[in-house]
Amino acid sequence: QQQVKQSPQSLIVQKGGISIINCAYENTAFDYFPWYQQFPGKGPALLIAIRPDVSEKKEGRFTISFNKSAKQFSLHIMDSQPGDSATYFCAANGGSGNTGKLIFGQGTTLQVKP
Amino acid sequence: KAGVTQTPRYLIKTRGQQVTLSCSPISGHRSVSWYQQTPGQGLQFLFEYFSETQRNKGNFPGRFSGRQFSNSRSEMNVSTLELGDSALYLCASSTLPGLAGTDTQYFGPGTRLTVL
């Protein structure tokens, strides 16, 4: 019940295309869903986050779609650029105690070809 | 505002030794969480400290421990190192976990630990 499942494991997209990464969770007590971007040799950096009371959140080229009934959420990267090539992690927080414990998906390695 | 800092950045140890890693959170942040990142297991939660108290612990053996000081700086310790402890250890800080608007976790660059 504490797992977050992420797919695909890797993704290759042409420059200007749309990158889509999906995540699913089991624990309905989760109430905070961030996405992190990680470049080699760096720590994860927060990209965008959503809470279950909204179905979509957009920040620039990045959009989170959230489906509470299906317990799924996804990251869409519009107009993908070579600089977006990185590993992306979805995560979930909340549940019992609402502490600073993030449950991460396994990660998606995105390559954007020029 | 300075970000989360971790020291050292790289560390090489041998089996059986112990190691201490340090994390300085963003100024004003009171919560520090630690994560282990490996290619096989991904990012796994180790523990979280808030106001010098451990509030949550992940599923790791007792060889992994931590503490937080009154200035919110945190250390984690791994005793009797095993080859499988080789990983990137990440520290993240937040203002007030669990409270909307202040629970964003900001990660440091990590400490790369290699156990030989």
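The values are calculated or read from the model by the stated rules, or taken from the named source; none is laboratory data. It should be emphasised that the depicted structure is a prediction, and the values quoted were computed from it without experimental measurement. Neighbour counts run over all protein chains shown; Cβ positions are idealised from the backbone, glycine included. Accessible surface areas use protein heavy atoms only, side chains included; no ligands, DNA or RNA. Shrake-Rupley method; radii C 1.70, N 1.55, O 1.52, S 1.80 Å.
The table below lists the values:
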| item | result |
| --- | --- |
| So B:L113, is it in a strand (DSSP E or B) and over 17 Å from A:A91 (Cα atoms) | yes |
| Residue in the stretch A:12-22 that is out of contact with any strand residue (DSSP E or B) (no Cβ under 7 Å at 6 or more places or on another chain), hydroxyl-bearing (S, T, Y) and either over 12 Å from A:A91 (Cα atoms) or not in a strand (DSSP E or B) (or both) present | no |
| Within the stretch B:9-23, considering residues that are within 12 Å of another protein chain (Cβ to nearest Cβ) and out of contact with any Phe, Trp or Tyr (no Cβ under 9 Å at 6 or more places or on another chain), the one least open to solvent (accessible area, probe 1.4 Å) | B:R9 |
| Flag for A:P52 being more than 10 Å from the chain's Cα centre (by Cα) and in contact (Cβ under 8 Å) with a residue 24 or more places away in the chain | no |
| Residues of the stretch B:13-23 classified as within 15 Å of B:F69 (Cβ to Cβ) and part of a loop (DSSP other than H, G, I, E, B), total | 0 |
| Counted residues, the stretch B:30-78 - those being more than 25 Å from B:I12 (Cα to Cα), of a type in the set (S, T, N, Q) and within 13 Å of the chain's Cα centre (by Cα) | 4 |
| Scope the stretch A:42-54; condition exposed (fewer than 13 other Cβ atoms within 10 Å of the Cβ) and either assigned to a strand (DSSP E or B) or modelled with pLDDT of 90 or more (or both); matching residues | A:V54 |
| Qualifying residues in the stretch A:73-94 (those that are of a type in the set (S, T, Y) and either farther than 14 Å from A:K113 by Cα or open to solvent by 10 Å² or more (accessible area, probe 1.4 Å) (or both)) - the one nearest to the other protein chains (Cβ to nearest Cβ) | A:T87 |
| Single residue of the stretch B:101-116 satisfying the filter (farther than 20 Å from B:T5 by Cβ and more than 7 Å from chain A (Cβ to nearest Cβ)) that is modelled with the lowest pLDDT | B:T102 |
| Wholly within the stretch B:24-86, strands (runs of 3 or more DSSP E) carrying at least 1 residues that are more than 14 Å from every other protein chain (Cβ to nearest Cβ) and open to solvent by 10 Å² or more (accessible area, probe 1.4 Å) | B:64-68, B:74-78 |
| Verdict on A:R61 being open to solvent by 10 Å² or more (accessible area, probe 1.4 Å), within 11 Å of another protein chain (Cβ to nearest Cβ), without any contact (Cβ under 8 Å) to a residue 24 or more places away in the chain and charged (D, E, K, R) | no |
| Number of the condition not met by A:F89 [criteria: (1) assigned to a loop (DSSP other than H, G, I, E, B); (2) among the hydrophobic types (A, V, I, L, M, F, W, C); (3) under 26 Å from B:L90 (Cα atoms)] | (1) |
| Of all residues making up the stretch A:8-38, the number that are surrounded by fewer than 16 Cβ atoms within 10 Å (Cβ to Cβ) and within 14 Å of chain B (Cβ to nearest Cβ) | 3 |
| Identity of the residue in the stretch A:39-49, more than 14 Å from the chain's Cα centre (by Cα) and more than 8 Å from chain B (Cβ to nearest Cβ), that ends up farthest from B:L88 (Cα to Cα) | A:F39 |
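Yes/no matrix, rows are residues, columns are (1) in contact (Cβ under 8 Å) with a residue 12 or more places away in the chain; (2) among the small types (G, A, S):
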residue: A:I12; (1), (2): yes, no
residue: A:I20; (1), (2): yes, no
residue: A:Y25; (1), (2): yes, no
residue: A:Y32; (1), (2): yes, no
residue: A:Q37; (1), (2): yes, no
residue: A:A45; (1), (2): no, yes
residue: A:Q72; (1), (2): yes, no
residue: A:S80; (1), (2): yes, yes
residue: A:A86; (1), (2): yes, yes
